[in-house]
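The values are calculated or read from the model by the stated rules, or taken from the named source; none is laboratory data. Keep in mind that this is a model prediction, so the values were computed, not measured. When we count neighbours, we look across all protein chains shown, and the Cβ atoms used for this are built from the backbone with ideal geometry, even at glycine. Please note that ligands, DNA and RNA were not included when accessible areas were found on the heavy atoms of the full protein model with its side chains. Shrake-Rupley method; radii C 1.70, N 1.55, O 1.52, S 1.80 Å.
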Amino acid sequence: MRGYITRRVLATIPVLLVVAVFVFLLLRLTPGDPAAIIAGDTATDAQIAAIRHNLGLDQPIVVQFALWVGQLLHGNLGTSILSGKTVASLIADRAPPTIWLATITMVLTIVVAVPMGVLAAWRHKTWVDHLIMSLSVLGFSVPVFVIGYLLIGLFAVDLHWFPVQGYTPPSQDFWAFLQKMILPAITLASIYVALIARMTRASLLDVLGEDYVRTARAKGIAERKVLFRHALRNAAIPVMTVIGTGFALLISGVVVTESVFNIPGLGRLTVDAIFSRDYPTIQALILLTSGIYIAVNLLIDLSYTLLDPRIRY
């Protein structure tokens, strides 16, 4: 196990290097000049050139890349071109809302989706199964921003149950924090509930036909124990894969939801950085996203050994 973990960690180094090279070149070769954006429409060519020199954008691409990699090796993510703050401080300020939103969404998703999938598999080809699968298709079909605006219109504008938008840190007011997190969490969970419920159903249906399940039923074990203790544990590997990947996607891909609910998270920071062509911030965010995916995939692989003792690395 220790050797496997070491090999996986070492394998992430070339992956991150390839991602860094690709992102750096992609941003530099696309049209647009961040110096011109910073200077404004009324700036002269001399002023734009001075800004480019101060930012180091007039140097060869190879030199810019070498300087950037050198900063990364020293733990320096650079300075934001737009705000003048360090990129690390920007990410530290924006990460908590996104992490809280992703965590609440995934907890809500698991609590709702896994029992739905188990129920659909247990009542296979009945009206219960058809109803759950129809709701799953509906969850896939409706765009996130449509669900978000529908929830805002119903529960915030009409019923006044929840705030319309915004974010309050839990340390400041925990109840206000929960109120502002519920609607965006439900919005995001609508998609992942559909995905995980369908995956749970499909995986469980494959397991329910196995001999050990029939043996457990023949011994008179309660159906609930057969489903959750015997069948679900053996069907959990693909479900865990989807849950882990979904959590990584939530951390890195909540742009639309954060925009709809005006949450100052990493998604909003990414949009602002792209529009302003803030190279250091964009590069750091993409590297952060890549690191999250790699870490989540590693944790998923390790969780397989806990779910299925037959798996050994």
(message) Under 24 Å between alpha carbons, and skipping anything fewer than 8 positions from residue 125 in its own chain: which lysines qualify?
(response) 225
(request) For the chain, return all DSSP H helices satisfying: extent of Cα atoms along own axis at least 30 Å; mean Kyte-Doolittle hydropathy at least -0.5. (result) 2-29, 87-122, 174-208, 279-307
(request) Between residue 42 and residue 111, with labels modelled 7 Å along Cα→Cβ, what's the label distance in nm to one decimal, could you check? (result) 5.5
(request) Stick to Cα atoms and the Kirkwood definition of Rh, then tell me Rg/Rh for region 89-307. (result) 1.04
(message) Tell me the mean residue ellipticity at 222 nm calculated for the chain from its helices only (DSSP H runs of n ≥ 4, each -39500 (n - 2.57), averaged over every residue, nearest 500).
(response) -24000 deg cm²/dmol
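With every protein chain present, what is the per residue accessible area of the chain (1.4 Å probe, Å²)? All intermediate terms of the calculation are to be shown ahead of the outcome.
Values: 16960 Å² over 313 residues.
Heavy-atom accessible area per residue stands at 54 Å².
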(request) Quick one: pull the percent of accessible area on the chain belonging to carbon and sulfur, 1.4 Å probe, ligands and nucleic acids left out. (result) 68
(message) Taking the alpha-carbon distance from residue 219 and a cut-off under 17 Å, which aspartates and glutamates remain once sequence neighbours fewer than 8 residues away in the same chain are dropped?
(response) 210, 211
(request) Report, in debye and to the nearest 20, how large the dipole of the chain comes out about its Cα centre when Lys and Arg carry +1 and Asp and Glu carry -1 on their Cβ. (result) 1480
